[in-house]
1. Just round it to a whole percent: the fraction of Cα-Cα distances in the range 162-202 exceeding 12 Å.
2. Among the aspartates and glutamates, which have Cα under 14 Å from the Cα of K72 when same-chain residues fewer than 8 positions away are ignored?
3. Do any trypsin sites (Lys or Arg not before Pro) in the range 159-234 lie in a loop, going by DSSP, with at most 16 other beta-carbon atoms within 10 Å of their beta carbon, and if so which?
4. Once the piece of chain linking V237 and R291 is laid out straight, how much longer is it, given 0.36 nm per residue of separation minus the C-alpha distance between them?
5. Step by step: find N for the range 248-323, compute 2.2 N^0.38 Å, then divide the Cα radius of gyration by it. What's the final number?
6. Counting heavy atoms of the protein chains only and a 1.4 Å probe, report the per residue accessible area for the range 211-363 as a whole number of Å².
7. Kindly list the residues of the range 170-188 that lie in the label zone of T257, defined by a backbone N under 19 Å from the point 7 Å along the Cα-to-C-beta vector.
8. Given a Förster distance of 56 angstrom, what is the FRET efficiency for R67 paired with H157, based on the Cβ-Cβ distance and rounded to 0.05?
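The values are calculated or read from the model by the stated rules, or taken from the named source; none is laboratory data. Just so you know, these numbers come straight off a predicted model, no measurement behind them. Glycine gets a Cβ as well: all are built from the backbone with ideal geometry, and neighbour counts include every protein chain shown. When the accessible area is computed, the model is the full protein with side chains, heavy atoms only, and any ligands, DNA or RNA have been set aside. Shrake-Rupley method; radii C 1.70, N 1.55, O 1.52, S 1.80 Å.
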Amino acid sequence: AMLELLDACATAADVQLARQCLTAIPLMRRHLEALLTCWPSYRTRRMLRWLLQNLGHTLAAELRWDRIDLGKGKRQLFGGGHYVPDARLAVPGDLFTTPDAWQRAAALLAEADKLLVMTGNGARVDVDDVTYHVPASFQAFYPAYATKGLVYEDFLHREMFNENPRLAWGLFADRLLRARMHGASPLAQMLRVLQPRFRGGVFVRTTNIDGDILRGGVEGRRVMEVMGSLRHSQCMVGCRQAVWEVSSEELQVDQRTGLLQSTPPRCPYCGAPARPNVKLLNDDTTWETARVESQRQHYYDWLSQPGRLLVLELGAGRILSGLRQETLRLGVPVIRINVMDAAVEGEGVGLTMDVRQACERLFAAAMPAYVIGCAGKARAQTESPLIH
């Protein structure tokens, strides 16, 4: 089905869809090699290889391409575009990050005094490779929920916590436990190292709810978790409009069924059932927002400080468009990194590629000027493999 989709690609949007599918479905190397050897289209074979390489997919290196006939001569997906010599394939211009784009991105970083980092679900490079709002990706990562016909949005209703709290807590507890087990992501660690590079510092505005940025050491007053945090819970009946930290030691999940094995959390004040302090669907009046509102005030205070502001937007799609709307509202230069939709409206540059690869390259470009004038601890930090 994947190869048939590639066969049918006629526009850049079609190739974008194919790219998204590759990130969401598992591929078996042995069967794919056998299928590719007899697939009739050299163009499709080359397109698959280029997409895998462009995504940094493990199969790009695992497949034995020397056994797969890629044909002779040059090919193109459709008219125009950039020619990739290694692939002997011309790809659409808006799917290809040119050297000029990297130069413009590096120049924007060099000119900025303050860096606002917007992170969406596409920036989850630490814990898993699941895109929660894409049903195929969610169900492939959570087969226990797939067998029940559940998608991520099914867990975003208060009714589930009332009717089946073990199921409702199963997903959120699993996300919290995996996040704490894996520790801070490379992205979070790089942001910590990068903070002193900018005179006005770094602020992170994120829709992710796993607390990764705070685990990485970014200062708490420089983070806004707009959708809440799995690290905190609240009372289902709102007895005191309070939130409290969750103890992961009290949570156990049955991976086979996806259900919470331990007793579902309860409010320490009134004993009523508890739920994560995250924004659920149709949750405007029952979500306790005091913690987020405090973070929001810190955000506006930081924005009001002088300095040239740059937005670095990482994996923020259009399904939850709040991050992109905020970028447009600010009207400042933006570096947008998104494997599916990196087009930039106004001043800035879009990088159509994997968030991890793009960040490592950008941070490596941003640090040298800072390192040259620093010694001791700052210089030692840059010796981390994350920067190189």
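1. 69 percent
2. D86
3. On the way: sites: R166, R175, R178, R180, R192, R197, R199, R205, R215, R221, R222, R231; in loops: R199.
Answer by residue number: R199.
4. Details: separation 54, 0.36 × 54 = 19.44 nm, distance 1.76 nm.
Extra length from V237 to R291 when fully extended: 17.7 nm.
5. With N residues counted in the range 248-323, Rg over 2.2 N^0.38 Å equals 1.61.
6. 46 Å²
7. 170-175
8. Result of the calculation: an efficiency of 0.70.
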